[in-house]
Structures are given as structure tokens and as C-alpha cells.
Amino acid sequence: GYRSFVDLYGLSALSIGSNNFLEATLRIGESDFRVLSSNLPVNDGLWHHAVLSYDGTTARLYLDNVLVDNRTDFSGPLYRLSLTTFLNLGLIFEPGNNRFYTGKIDDINYYNYGISASEVEALYTENNWSNASLIASYYFNGNTNDDSGNNLNGSSVGTTLTEDRFGAMESAYNFNGS
């Protein structure tokens with residue numbers, strides 16, 4: 001099976017598939033899912049930068065600032081479940097079949113549009129750029145609170161605070177897989 005590390009309100013998820021590739025899933029309808037894959041393993045013990053971008057017609061998956069997959073065989077708004085939690089970290093919720101992640105996660109941003117390749121690069125290199133369309137942002141400064149000001153706080157399961165990719169203490173989460 002796969003290990004999800006980000007599940008945004010049941011409409012999209014980032015995960016590591018059974019083949020250890022980065023995978024992204026978009027939910028277009030109640031039972032219509034589209035999967036993108038890196039076709040590259042990400043279970044190498046190194047930090048990786050993963051971005052899923054969808055603009056209503058094209059879904060793009062980036063791994064370490066490189067476009068690794070895109071799909072244009074669907075269009076329309078994402079299907080949203082009626083869940084009480086906006087963001088689940090370390091698990092994907094399925095009634096009776098929750099799946100858990102083992103590994104570390106650092107910053108998460110969620111925008112109301114499909115970000116461009118130059119914006120992906122800015123995030124990858126940690127440059128500042130406009131956050132005017134930011135819906136939710138999670139810097140994990142000791143909690144899973146939304147740093148955008150929109151109060152879309154998250155939850156984490158089976159986690160401990162850890163050092164982030166830049167060496168800052170208690171600025172990332174380590175997930176124990178349970």
C-alpha cells in the first residue's frame with residue numbers, strides 16, 4: 001500500500017506509493033480520482049520538495065523543482081468531502097482503513113490557484129514571493145496551526161517535533177507510521 005503524508009480535505013493527497021515513488025492524487029468527482037507519479041524513488045533518507053499544482057485543466061507534479069508528471073485528461077473543480085479537519089498530516093482518512101506515514105514533513109502551503117513553475121522554483125529555493133492567494137500555510141513552528149491567518153488549523157497523528165531541512169529545531173514533524 002501507499003503511505004500518505006498530506007491529505008487536504010479529501011480533495012487531494014501526496015503520498016509515497018508501494019513502489020516508493022512520489023504520488024499525487026486529485027479527486028475530481030465523488031469517485032473520479034487522477035494519479036500522478038514521479039517514477040523516481042523518494043525513500044532515500046534525503047529531504048525532497050514536492051508540489052502538486054492544478055489550475056482547473058492541467059495537474060502538475062514537481063519533485064525537487066523538476067516537473068515529473070502532468071495530466072490534462074480531465075478538467076473542472078476538485079471534489080471536496082465534508083470533513084471537519086482541513087488538513088490531515090501523516091495519514092489518509094478512509095473509514096475503517098486509515099493509512100499512516102513514517103518520515104519527516106516540513107512546510108506545507110495551499111493556494112487557491114495552480115502555482116506556476118517560477119513560483120515552484122521560488123518555494124524550492126526559499127525566495128519570498130506574494131502570498132496574497134494563500135489559503136493555508138503550515139510552517140510547523142511547534143504546532144500544526146495555519147500560519148496564513150485563515151484559521152484552517154491541521155492535526156497530526158503519531159508525530160514528534162524534529163529538526164527541519166535547514167537544521168532549525170522543532171520546525172518539522174517526524175511521523176512514526178502509526
Computed FRET value (nearest 0.05) for Asn70 with Ser118, which takes r as the C-beta separation and R₀ as 22 Å: 0.85
Pair Ala168, Asn43: separation of 7 Å Cα→Cβ label points (nm): 3.0
Rough spin-label spacing in nm, given labels placed 7 Å along Cα→Cβ, for Asn153 and Thr58: 3.9
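Bear in mind that the values in this text are calculations on the coordinates, not laboratory data. Being a predicted model, the structure only gives us computed values, none of them experimental. Cβ atoms come from the backbone with ideal geometry, glycine included; neighbour counts cover every protein chain shown.
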